[in-house]
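Structure first, then comments.
The values are calculated or read from the model by the stated rules, or taken from the named source; none is laboratory data. Model, not experiment: these values are computed from the prediction. So basically every Cβ, Gly included, is an ideal-geometry build from the backbone, and we count neighbours across all protein chains shown.
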Amino acid sequence: MDFGKIVKNRRKDMLEYVKKVRDVQNESSNLHDVLIAFNNHFVGFGPQSVNDFLKLMNMPEMDWKTELENSDNNPDKHADRFQSSLSDFSK
């Protein structure tokens, strides 16, 4: 049996996070970078969730295909390409 993918509309949830990010940025003018993690369980496809959130923040979307191709064509990036935990960002 193929039940297909179940995709939930999480726009309302994302709008709440957009508001929280903007509120924090307004309260602290020194805050420029925010780390938000998406996984495939949020709506079924993490990379699209990232782009949906970026759109709501009025920011440019990521071109995941180009990013992957650029990474594949640059052997120096392969060592850092795979992240195993959030602490890997601090390296």
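Is it the case that segment 59-68 has a residue that's under 16 Å from the mean Cα position of the chain (by Cα) and in contact (Cβ under 8 Å) with a residue 24 or more places away in the chain? No, segment 59-68 has no match at all. Of the residues screened, ASP23 is not one that is modelled with pLDDT of 70 or more and surrounded by 12 or more Cβ atoms within 10 Å (Cβ to Cβ).
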